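Q: If you scroll down you'll find the structure; I have some questions about it.
Every read-out reported here was derived from the displayed coordinates using simple, explicitly stated rules and does not represent laboratory data. None of these values were measured; they are calculated from a predicted model. Every residue, glycine among them, receives a Cβ derived from its backbone with ideal geometry; neighbour counts consider all protein chains shown.
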Amino acid sequence: MSRRLQEYMLASAKNGREVVRTGPFTVTITGHDPNVYLNYAVPDPGADPSAADIEALVTAFTTRGRTPRLEYLPKLAPAVEPALLAAGFAVADRLPLMECGPSDATDQPVPPGFELVTPKTDAEIEAMLAAQHEAFGEEPPTPAHVAATRAKAESGQLQLLARELATGETAGGGIAAAVRDGISEVAGIAVRPAYERRGLGAALTLHLTRAAFAAGATLAFLTPAGDAQERVYARVGYRRADAVLFLSHSA
């Protein structure tokens, strides 16, 4: 299952990005956004990189104005972490990977006074992105972000925004990546600070998870950013199954 998940994560990372092969690494670059979460490499299963491989990996990022970074399931390539740490990389994070099957999903009601809708227009897509960027402390979305997000929706990505009924204000948003090999990743679950602690995060997660199952997924997964998020996802029916390692270099 770990190999299947890693293959899915790599296929999703390649979608809409420049893809560069260097040594035992696949580097994915988002041209319109230097955000580290949208630019990273994945090692091959069983990779055992040499010093030259690591130097070429760093160069693939720096020549494109990006921070060298990796996201992967470490147990599939145990030799990568010590080799990269010795070469100046550092562990940026090590997060649990949680899974949910169709029979595991647990009802989470949409809080009173809110609705969950699929963004259809560019204005709605921008509103969803603005809520996500605000929640994650990022700069406001640009037209390039909107265009890229619209293209992903056309390629099967599931998108959802939470909106306050009384004011029409967007309260949050999230996505479920296009289903591949029966798998979908739920990600970008965000609630604007003014609307936190009302159950919107759980409702967004549940509805996106069930939408992924309706689109053909037999397994959904996500990576919580911390204990609080993990508790929310556990209420929806997710359980720990693996771990994701994030390595970065300050070059």
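Q: Any idea how far apart ARG197 and ARG231 come out in nm if each label point goes 7 Å out from Cα toward Cβ?
A: 1.2
Q: If you average the sequence gap of Cα pairs under 8 Å that are 6 or more apart and divide by the length of the range 9-103, what percent do you get for the contact order? Let's see the in-between values first.
A: On the way: 115 pairs, mean separation 22.3, N = 95.
23 percent.
Q: Sticking with this structure for a sec: If you take the beta carbon distance between SER103 and ASP48 as r and set R0 to 51 Å, what does 1/(1 + (r/R0)^6) give as a FRET efficiency, to the nearest 0.05? Can you show the working numbers first?
A: On the way: r = 39 Å, r/R0 = 0.77.
Efficiency, from the Cβ-Cβ distance: 0.85.
Q: Can I ask one more? Just grab the label-to-label distance for VAL91 and ALA214, each label 7 Å out from Cα along the Cβ direction, in nm (one decimal).
A: Placing both labels 7 Å along Cα→Cβ, they lie 4.0 nm apart.
Q: Computed over the Cα atoms of the range 2-97, what is the convex hull's projected area averaged over all directions, in nm²?
A: So the Cα hull casts an average projection of 5.6 nm².
Q: Run through the DSSP bridge list for the range 114-241 and note the antiparallel percent, rounded to the nearest 5.
A: On the way: 15 of 18 bridges.
Given both bridge residues lie in the range 114-241, the antiparallel proportion sits at roughly 85 percent.
Q: Shifting gears a bit: Using the crude model of +1 on Lys and Arg Cβ and -1 on Asp and Glu Cβ, and no other charge, please compute the dipole size for the chain relative to its Cα centre, in debye to 20.
A: Numbers: 23 positive and 29 negative charges, 63 e Å.
Value, rounded to 20: 300 debye.
Q: Follow-up question, since we're still on this one. Quote the relative contact order of the chain in percent (integer), defining contacts as alpha-carbon pairs under 8 Å separated by 6+ residues. Intermediate values should be presented prior to the final figure.
A: Working: 485 pairs, mean separation 62.7, N = 251.
With pairs under 8 Å counted, the relative contact order is 25 percent.
Q: Taking every DSSP beta bridge that has both residues in the chain, what percent is antiparallel when rounded to the nearest 5? Can you show the working numbers first?
A: Values: 40 of 44 bridges.
Antiparallel bridges: around 90 percent, rounded to the nearest 5.
Q: Taking the alpha-carbon distance from LYS75 and a cut-off under 27 Å, which lysines remain once sequence neighbours fewer than 8 residues away in the same chain are dropped?
A: Partners found: LYS14.
Q: Here is a further query. Restricting to Cα atoms and excluding each atom paired with itself, what does the Kirkwood estimate give for the range 1-51 in Å?
A: On the way: mean 1/r = 0.0861 Å⁻¹.
In the range 1-51 this quantity evaluates to 11.6 Å.
Q: Taking only Cα atoms of the range 199-243, what ratio of Rg to Rh do you get with Rh as the Kirkwood inverse-distance radius?
A: Values: Rg = 10.5 Å, Rh = 11.0 Å.
My calculation of the ratio gives 0.96.
Q: Please identify the DSSP H helices in the chain that span no less than 15 Å along the helix axis (Cα) and have a mean Kyte-Doolittle hydropathy of 1.0 or more.
A: Values: long enough: 2-14 (18 Å, -0.75); 51-62 (17 Å, 1.18); 122-135 (20 Å, -0.11); 143-154 (17 Å, -0.35); 200-214 (21 Å, 1.17).
Correct list, ordered by number: 51-62, 200-214.
Q: Could I get the Rg over Rh figure for the range 114-241? Both from C-alpha atoms, Rh via Kirkwood, rounded to two places. Please list the in-between numbers first.
A: Values: Rg = 13.8 Å, Rh = 14.6 Å.
Rg divided by Rh gives 0.94.
Q: Report the relative contact order of the range 114-241, percent, no decimals, based on alpha-carbon pairs under 8 angstrom and at least 6 residues apart. If you can, show how the numbers build up before the last one.
A: On the way: 210 pairs, mean separation 28.3, N = 128.
So the answer I get is 22 percent.
Q: Looking at the chain, identify the longest residue range that excludes and avoids all GluC sites (Glu not before Pro) in DSSP loops having at most 16 other Cβ atoms within 10 Å.
A: Details: sites that count: GLU138, GLU169, GLU196.
Segment 1-137 is the longest.
Q: Once you've got the GNM for the chain with C-alpha springs shorter than 10 Å, pick whichever of LEU165, LEU73, LEU57 has the biggest mean-square fluctuation.
A: Highest fluctuation among the options: LEU165.
Q: Right, another one. Counting each pair of different Cα atoms once, what's the Kirkwood radius of the chain in Å, rounded to one decimal?
A: Details: mean 1/r = 0.0535 Å⁻¹.
So the Kirkwood estimate lands at 18.7 Å.
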